[in-house]
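Take a look at the structure below.
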Amino acid sequence: MPKRVLFVCLGNICRSPTAHGVFQQRVDGAGLSDAVLVDSAGTAGWHCGRAPDPRSQAFAAAHGYDLSALRARQVAAEDFRQFDYILAMDRANLSDLQALRPVDSRAELALFLDYADGACDEVPDPYYGGDDGFVTVLRLVEAAADGLLTAIRRTL
Ligand code: 4NP
């Protein structure tokens with residue numbers, strides 16, 4: 001059975017699509033495309049069906065990640081039955097997910113940055129800020145993606 005990973009932020013147009021694109025590239029590069037399946041979603045449904053924010057796409061593209069095919073969707077209780085790892089970008093996302101979590105869910109629900117070594121434990125929301133925020137998102141996501149891949153490889 002493949003391992004399934006879902007990245008979750010608020011809108012699913014900035015942080016979680018960045019995590020999705022970066023982690024997918026790590027998975028593909030490791031030859032694990034059939035063993036590790038990746039998706040992303042938002043706790044809010046405001047941007048459902050939309051491509052990632054143009055700023056997220058541009059910063060990701062500058063670092064070699066193509067987010068253009070991704071489309072936003074809202075997380076649902078059913079996701080807790082489909083995914084092995086549900087990884088939140090910040091504490092607000094985590095508490096929204098805890099409220100949605102069915103009692104019988106065995107998915108690992110955690111902060112994504114638990115898989116990084118750095119001092120931060122949240123990926124800050126860049127939506128209303130400047131370009132710096134998008135650079136920070138990419139840097140934090142890349143660090144945690146490496147840690148997550150190492151952890152999942154141990155379970156395969
Ligand atoms: P994300 O960023 O959660 O990283 O996708 C946001 C996107 C949209 C909004 C807030 C955060 N919004 O308020 O529409």
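With the chain treated as a Gaussian network of Cα nodes joined by springs under 10 Å, which of LEU32, LEU94, LEU67 yields the largest mean-square fluctuation?
Residue with maximal mean-square fluctuation among LEU32, LEU94, LEU67: LEU32.
Please identify the DSSP H helices in the chain that span no less than 18 Å along the helix axis (Cα) and have a mean Kyte-Doolittle hydropathy of 0.0 or more.
131-153
Give me the percent of accessible area attributable to carbon and sulfur for the chain, probe 1.4 angstrom.
The C+S portion of the solvent-accessible surface of the chain is 50 percent.
Specify whether the C-alpha gyration tensor of the range 117-156 places it in the rounded, prolate or oblate class, a ≥ b ≥ c being the square roots of the eigenvalues: rounded for a/c under 1.5, otherwise prolate if a/b is larger than b/c and oblate if not.
prolate
By the gyration tensor of its Cα atoms, with a ≥ b ≥ c the square roots of the eigenvalues, what is the shape of the range 4-93: rounded for a/c under 1.5, prolate for a/b over b/c, or oblate?
oblate
If you place +1 on the Cβ of every Lys and Arg, -1 on the Cβ of every Asp and Glu, and leave all else neutral, what size is the dipole of the range 81-134 about its Cα centre, to the nearest 20 Debye?
380 debye
Treat every Asp and Glu Cβ in the range 1-102 as -1 and every Lys and Arg Cβ as +1, leave all other atoms uncharged, and give the resulting dipole magnitude about the Cα centre to the nearest 20 debye.
140 debye
What percentages, rounded to whole numbers, describe P(r) for the range 5-156 computed over all alpha carbon pairs with 10 Å bin width beginning at zero?
The percentages, shortest bin first, are 12, 45, 37, 6, 0.
Considering only protein heavy atoms, what per residue accessible area in square angstrom results for the range 12-51 with a 1.4 angstrom probe?
Value for the range 12-51: 36 Å² per residue.
Per residue, how much accessible area does the range 60-136 have with a 1.4 Å probe, in Å²?
Value returned for the range 60-136: 57 Å² of accessible area per residue.
By its C-alpha gyration tensor, with a ≥ b ≥ c as the square roots of the eigenvalues, how is the range 70-146 shaped: rounded for a/c under 1.5, else prolate for a/b larger than b/c, else oblate?
Judged from the Cα gyration tensor, the range 70-146 comes out prolate (a/c at least 1.5, a/b above b/c).
The values are calculated or read from the model by the stated rules, or taken from the named source; none is laboratory data. A quick note: this is a predicted structure, and the numbers were derived from the prediction, not measured. Here the Cβ is made from the backbone with ideal geometry for all residues, glycine too, and neighbour counts use every protein chain on show. Areas reflect the complete protein model, heavy atoms only, side chains present, ligands, DNA and RNA absent. Shrake-Rupley method; radii C 1.70, N 1.55, O 1.52, S 1.80 Å.
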